[in-house]
Amino acid sequence: SSDGRDVVVEGGSLRLRGRSYKPGATTTVTVMLKAPDGNVLWASGTTVPTDGEAGYAKGCLFIDTDVATGTSGLYVNVGVTTACDFDLVTDA
């Protein structure tokens, strides 16, 4: 459900507020986008979801907002919806 303020237009750009949510059993993240089946497609936070947690779509992107300058903070779920496995995306 929404209160109508989850998506805001600011200066011609969209800003998604996100919701604090715990898809699996351990890690609370800010969810920006979910798939129609309810699995998370895009999230952010200071802790990468623990491997094995359910609720993240395959290919889900997670942005770690607590990384050092010059360090990648983008992760992708290479696991499955019932057991995530987030790997760091590098510029290899």
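Does any residue of the stretch 2-14 turn out to be open to solvent by 70 Å² or more (accessible area, probe 1.4 Å) and within 15 Å of the chain's Cα centre (by Cα)?
Residues of the stretch 2-14 open to solvent by 70 Å² or more (accessible area, probe 1.4 Å): 2-3, 5, 7, 9-12, 14.
Filter again for within 15 Å of the chain's Cα centre (by Cα), leaving none.
Within the stretch 2-14, none of the residues are open to solvent by 70 Å² or more (accessible area, probe 1.4 Å) and within 15 Å of the chain's Cα centre (by Cα).
Looking only at strands (runs of 3 or more DSSP E) that fall completely inside the chain, which ones have 1 or more residues that are among the acidic types (Asp, Glu)? I'd like the intermediate steps shown before the answer.
Details: elements: 7-10, 13-16, 19-21, 29-34, 40-45, 56-64, 74-77, 86-88.
Of the strands (runs of 3 or more DSSP E) lying wholly inside the chain, those with at least 1 residues that are among the acidic types (Asp, Glu) span 7-10, 56-64, 86-88.
Count of the stretch 74-87 residues, restricted to those that are under 13 Å from SER44 (Cβ atoms) and surrounded by 19 or more Cβ atoms within 10 Å (Cβ to Cβ), is 2. Taken over the stretch 15-73, residues that are open to solvent by less than 30 Å² (accessible area, probe 1.4 Å) and either free of Cβ contacts under 8 Å to residues at least 60 places away in the same chain or charged (D, E, K, R) (or both) amount to 20.
The values are calculated or read from the model by the stated rules, or taken from the named source; none is laboratory data. This one's a predicted model, so the numbers in the text were calculated from it and none came from an experiment. Heads up, the Cβs are rebuilt from the backbone with ideal geometry, glycines too, and the neighbour counts pull from every protein chain shown. Keep in mind that these areas ignore ligands, DNA and RNA; they rest on the heavy atoms of the full protein, side chains included. Shrake-Rupley method; radii C 1.70, N 1.55, O 1.52, S 1.80 Å.
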